[in-house]
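Values quoted throughout were computed directly from the atomic coordinates according to the rules given, and no laboratory measurement underlies them. For clarity, every value in this text was computed on a predicted model and none was experimentally measured. Positions of Cβ are backbone-derived with ideal geometry, glycine not excepted, and every protein chain shown enters the neighbour counts.
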Amino acid sequence: MASDKTIIIGNWKMNFNMQEASLYLHKLAENVKVRRSVEVILAPTTLTLQSLSMQINRRQFKLAAQNFYWRDHGAFTGEVSARQLNGIVEYALIGHSERRHIFHETDKDIRNKVQAAVRNKIRPVLLIGETAWEKSNGETEAVLQDQLVGGLLNLTSEELESVVIGYEPVWAIGTGDKAIPSDVVKAIRTIRNHVKHLYGKVAAENIPVLYGGSVDADSAADYLSQPGVDGLVIGGASIDLHAFTSIISKAHQINQEEKK
Ligand code: PEP
């Protein structure tokens with residue numbers, strides 16, 4: 001494991017209104033013990049972030065933005081900046097496949113966001129992964145390399161220390177299609193090799209790399225127990241209280257076993 005803590009991110013996507021989000025957080029807080037072994041990060045919709053930030057026990061959960069605009073301020077109607085999120089969230093998801101594919105975000109947009117997050121003391125969670133077509137053409141390694149280089153360009157070694165990488169094959173997100181754990185290990189090894197090439201051995205060993213893609217309570221342990229997997233990004237199963245609670249307790253168990 002690159003870090004002592006296993007990272008579990010719940011990406012709620014465009015689910016839960018304010019009341020539902022608050023109630024869910026209340027119930028989750030009752031189910032989950034404060035543990036030093038697992039960093040539980042919740043990524044609700046932007047609208048609910050500020051009020052959840054007042055409800056949350058920050059020793060128990062952290063908040064992540066699902067999205068923001070990379071400029072700090074200005075005439076950008078409808079947008080929210082990392083500067084405005086500072087103090088509310090500790091992390092931000094960047095480069096999620098839904099942002100890349102539905103909202104056409106480019107590697108340039110993504111690296112601008114990584115830099116904006118770092119500039120505003122928010123830890124970027126850079127999400128990368130290949131499409132089904134790219135996988136079937138044997139392009140996974142090249143895609144991971146391009147998205148890493150594209151997202152991290154101009155970032156110093158010191159700035160890289162706040163970055164978390166998430167490997168999320170596009171074909172596995174929200175589809176129920178499960179990646180084979182040994183393929184995940186291989187992809188994560190590729191990611192660390194590229195980080196090594198760009199920033200050196202220590203950075204490659206230390207950077208947290210997570211897996212995401214249709215992980216549920218039944219499959220979480222299969223991924224968490226793989227070498228090089230420092231945690232999970234959970235979409236659909238994170239809005240199911242029982243499933244998410246169970247994933248967090250599995251993360252705790254596996255983390256403790258690995259430390260023995
Ligand atoms: C995600 O949105 O990052 C994700 C992994 O979703 P799901 O778990 O639903 O595949």
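On each of the three principal axes of the Cα atoms of the stretch 189-241, give max minus min coordinate, whole Å, ordered largest first.
Projected onto its principal axes, the Cα set of the stretch 189-241 covers 39, 18, 15 Å.
Tally Lys and Arg at +1 and Asp and Glu at -1 over the other residues with C-beta under 15 Å from the C-beta of Leu144: what net charge comes out?
After counting each charged neighbour, the total is -2.
With a cut-off of at most 15 other beta carbons within 10 Å, and DSSP calling the residue loop, which trypsin sites (Lys or Arg not before Pro) in the stretch 104-211 qualify? Please list them.
Passing both the DSSP loop test and the Cβ count: Lys121.
Under 5 Å between amide hydrogens, which residues at least 5 positions from Glu130 or on another chain qualify, with H placed 1.01 Å from N in the peptide plane?
Val170
Whole number please: convex hull volume per residue of the Cα set in the chain, in Å³?
118 Å³
Could you tell me the calculated FRET efficiency between His73 and Glu139, based on Cβ-Cβ distance and R0 = 30 angstrom, to the nearest 0.05?
Here the calculated transfer efficiency is 0.20.
How many nm is it between the label spots at His242 and Leu47, if each spot is 7 Å from the Cα in line with the beta carbon?
With each label point 7 Å from Cα toward Cβ, the separation is 2.9 nm.
Dividing the convex hull volume of the Cα atoms of the stretch 33-172 by its residue count, what figure in Å³ per residue is obtained?
130 Å³
Under the definition of Cα pairs under 8 Å and six or more residues apart, what whole-number percent is the relative contact order of the chain?
Reported as a whole number, the value is 22 percent.
Stretched out fully, how many nm does the piece from Met18 to Ser225 gain, at 0.36 nm a residue minus the Cα gap?
Full extension from Met18 to Ser225 adds 71.0 nm.
Among Gln55, Pro227, Leu153, which residue has its Cα positioned farthest towards the positive end of the charge dipole of the chain, with +1 placed on the Cβ of Lys and Arg, -1 on the Cβ of Asp and Glu, and the dipole taken about the Cα centre?
Gln55
So what are the radius of gyration and Dmax for the Cα set of the stretch 134-213, in Å?
12.8, 37
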